[in-house]
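What follows is a set of notes on a single structure, which appears directly below.
Readers should treat all values here as calculations from the given coordinates under stated rules, not as data from a laboratory. Values in this document were obtained by computation on a predicted structure and should not be read as measured data. In this analysis, Cβ positions are derived from the backbone assuming ideal geometry, glycine residues included, and neighbour counts consider all displayed protein chains.
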């Protein structure tokens, strides 16, 4: 019962966060060339988008789990 409530609350927070910030970027540093102690590196940025339907689904699942946990209590 307690696990359902905690899981539901976590999913609700993740769903709300994904709805508030649907796009985020990540950075990765990679070695391009290496000659002895000399290294040439590049920094790549990737943009990731979270679909609103997925965010809403996670939020709805969290509400259902939270409600089920409260009802069983």
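Determine, from the Cβ-Cβ distance of residue 1 and residue 24 and an R0 of 35 Å, the FRET efficiency 1/(1 + (r/R0)^6), rounded to the nearest 0.05.
Approximately 0.55, to the nearest 0.05.
At residue 45 and residue 68, where each label point lies 7 Å from the Cα along Cα→Cβ, what is the point-to-point distance in nanometres?
4.1
Would you mind estimating how fast the chain diffuses translationally, via Stokes-Einstein at 20 °C and 1.002 mPa s with the Kirkwood radius over Cα pairs, in µm²/s?
Using the Kirkwood radius from Cα pairs, D works out to 144 µm²/s.
Angle check, please: helix 52-72 long axis (alpha carbons) against the longest principal axis of the chain (alpha carbons), in degrees 0 to 90, nearest 10.
Tilt relative to the chain: about 40 degrees.
With angles folded into 0 to 90 degrees, how steeply does helix 2-20 sit against the dominant principal axis of the chain? Use alpha carbons for both and round to 10.
The angle comes out near 50 degrees.
Taking only DSSP H segments of four or more residues, each worth -39500 (n - 2.57), what value at 222 nm results for the chain once the sum is divided by all its residues, to the nearest 500 deg cm²/dmol?
Taking each H run of at least 4 residues, the total per residue is -19000 deg cm²/dmol.
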